[in-house]
Amino acid sequence: MKKRRLLAMAMALCMAAGMMTGCSGGQTAETEAPAETEAPAETEAPAETEAEAEEETEAAADNGDMMIALITMDSIDQHWVTLNEGAQKAAEELGVEVQFMAPNTKDDAQQIECVNNAVSAGAQAIIVAANGPDAISSALKEAQDAGVKIVYVDSPANVEAEATFSTDNTAAGKKAGEEMIAALEAKGVTEGSIGIISVNAATDSTVSRDEGFRSAFEGTNYTLTETQFCDGDAAKAQSIAENYITQGVVGIFGCNEGSTTGTGNAIKASGQDIVGVGFDKSDAILGLIEDGYLLCTMAQNPDVMGYEGVKAAVAAVNGEDLGGAVTDTGVSVLKKE
C-alpha cells in the first residue's frame, strides 16, 4: 500500500507538471464507433472458462500490491487511448494497478521524465512505447538495473525487454503500398510521384512502415519522394501534404494517426483526385475514408497490445521468464465498402 501511495503521489506530480512539461496521467477516452472493414480491426480475448475465471480470481488476490506504469508516446492519439483501455481491462482481471503515464506530445525528454517518475514511485514494471529507440534507452536501463521489468508495446527501444507486443510494421507498410498501387492502376495511373509523411526519423515502428511501403514500389515506374516529418501533428502533416499536392503527387502515405489525418484533410481541401493511404484508426480517419478522401488505413490492434502487455508484465514480476518474445498483434485494412 505504501508503494501504491507513492505511485499515486508521483502521478499527481506528473499531472501537475503536465501543463509545463507534458507528462500526464489518465485513464480512458470514448471508444471509436465501429467501422466497415475488410477484416476485423480489433481482436477480442477468447471467452473464459469457469476454471480460467477461478484462476484469474486467485491471481488477482496474489497481485494486489503490484504496480505497473504504462508509458506511451503521447496521451492524445486514440491509438494510445485504446491501448490503455486494453491495459486497464487486463489490470482489472489480474488485480493489479496500471497507471497511464504519457507526455501530452511526442517528446523524448518528457517521456524520460515519466520513466524516472515511475521508478521513483516504486513501479515493479514499465510497459512502454518508445518515442525513439535511443533517447529513452538510458532511463530504461537504469530502471532495469533497479529491478523494474520492461515490456514494449507498439515500438521498442534499444534495451532488452521481457516481451514485445507490436504490429509487423514492415509487412503492414508494404500492404499499404500495395493498396495504393492497386488503386492508382485501377485509375490508369502507372507513374508519378508519391509523398510520404511520418513522425520522425527515429521511431522504430514508423521507420519500419516507411521501409515496407517503399519496398512495394520496387520495380514500378512511380517515384517516391523523400519522407517529410510532422512529429505526429495533424496540422503539420496537412501543411506537408498540401505542399506535396502542389508539387503534383498522385498519392500520399501517412505513417501514423496524425500523418494520416493531415493527409486526408489536405486532399479534402484540394478537391483533387489523389490516393491517400494511412495508418491507425480514429474517428477522424474513418470519416475521411467514408467521405472518399482517403482510400484506406492500416488499423492496428492497440487494445491487444495493452492487454497482452499487462499480462506479460505481471508474469515477469512474478518470476516467469518470457525470453524476450516478440508477438505480432496483427493489422487490418479498413476502407469504404
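Each reported figure results from applying straightforward, stated rules to the coordinates on display, with no laboratory input. Keep in mind that this is a model prediction, so the values were computed, not measured. All Cβ positions, glycine included, derive from the backbone under ideal geometry; neighbour counts span all protein chains shown.
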Region 206-276: GluC sites (Glu not before Pro) in DSSP loop, at most 14 other beta carbons within 10 Å: Glu218, Glu226
Estimated FRET transfer efficiency (Asn243, Thr190; beta-carbon r; R0 25 Å; 0.05): 0.55
Gain on full stretching of the segment that runs from Ser120 to Lys89 - 0.36 nm per residue minus C-alpha separation: 8.6 nm
Karplus (6.51, -1.76, 1.60) ³J(HN,Hα), θ = phi - 60°, over region 218-225, in Hz, Gly and Pro reported as x: 5, x, 9, 9, 7, 10, 8, 6
Gap separating the Cα centres of region 78-96 and region 165-184, nearest whole Å: 27
